[in-house]
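First up is the structure itself, then whatever we jot down about it.
The values are calculated or read from the model by the stated rules, or taken from the named source; none is laboratory data. As the structure is a computational prediction, the values presented were derived from the model and not from experiment. Reconstructed Cβ throughout: ideal geometry from the backbone, glycine too, with neighbour counts over all protein chains shown. Only protein heavy atoms, including side chains, enter the accessible area calculation; ligands, DNA and RNA are left aside. Shrake-Rupley method; radii C 1.70, N 1.55, O 1.52, S 1.80 Å.
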Amino acid sequence: MAEDDIKDEPWEHDLEDPEPFHHATSSSAHGRRRGAAALYGIMAEFDNPSDLVAAARRTHEAGYRRINGYSPYPIEELDEAIGFTRTSLPLIVLIGGILGGLGGFFMQYWMEVIDYPLNVGGKPFNSWPAFIPITFECTVLVAAFAAECGMLALNKLPQPYHPVFNAPNFALATRDKFFLVIEANDPKFRHAEATQFMNTLGAMGVNDVEI
């Protein structure tokens with residue numbers, strides 16, 4: 001999530017989502033009558049984090065992979081329960097740092113050796129030890145930008161609209177309720193079967209989430 005106050009935004013336990021929600025319409029017809037509204041998924045509501053984590057673990061074990069959890073605060077166990085064990089963000093930051101360092105070094109090399117060489121105290125034009133501070137600063141700067149932009153891109157932010165806000169009681173995700181969603185673009189998703197399964201998880205309520 002963006003760096004908003006977690007009291008104002010529910011915590012979404014999904015950093016990388018390779019298939020955005022607007023693609024769910026192609027899979028939402030499974031088990032639904034013709035002409036029904038496009039479906040984003042099925043949402044279950046829980047009143048404590050332990051039940052949410054247990055339900056997420058059972059859902060993942062049942063073979064569902066397009067699942068997501070929402071809570072008022074981060075829950076470390078939930079990430080593992082829904083199968084989120086890795087992220088591309090460290091690689092993005094590494095690539096950004098390498099590009100920043102190379103860019104900073106060769107910027108100075110081009111200025112000092114090619115574009116405007118100056119003889120300073122008899123030192124060689126390519127006096128690389130003098131280039132180290134700027135190279136380091138450019139590495140840190142570009143890596144930081146890569147981390148910020150990568151986080152926003154992987155979370156698909158900014159996102160002014162999301163279907164989960166159509167669900168009843170979802171506003172309580174910023175207060176004291178916890179939610180689990182099986183998305184309609186899951187390969188295993190069948191509406192009737194998924195609804196029946198969600199009803200076995202001990203949820204306070206199970207609702208369709210329309211786009």
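Please enumerate the residues belonging to the stretch 170-211 that are in a loop (DSSP other than H, G, I, E, B) and either open to solvent by less than 40 Å² (accessible area, probe 1.4 Å) or touching an Asp or Glu at 6+ places or on another chain (Cβ under 9 Å) (or both).
Selection gives D176, K177, A184, N185, D186, F189, L201, G202, A203, M204.
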Any helices (runs of 4 or more DSSP H) falling wholly within the stretch 61-156 and containing at least 2 residues that are within 30 Å of G41 (Cα to Cα) and without any contact (Cβ under 8 Å) to a residue 12 or more places away in the chain: 76-81, 132-154
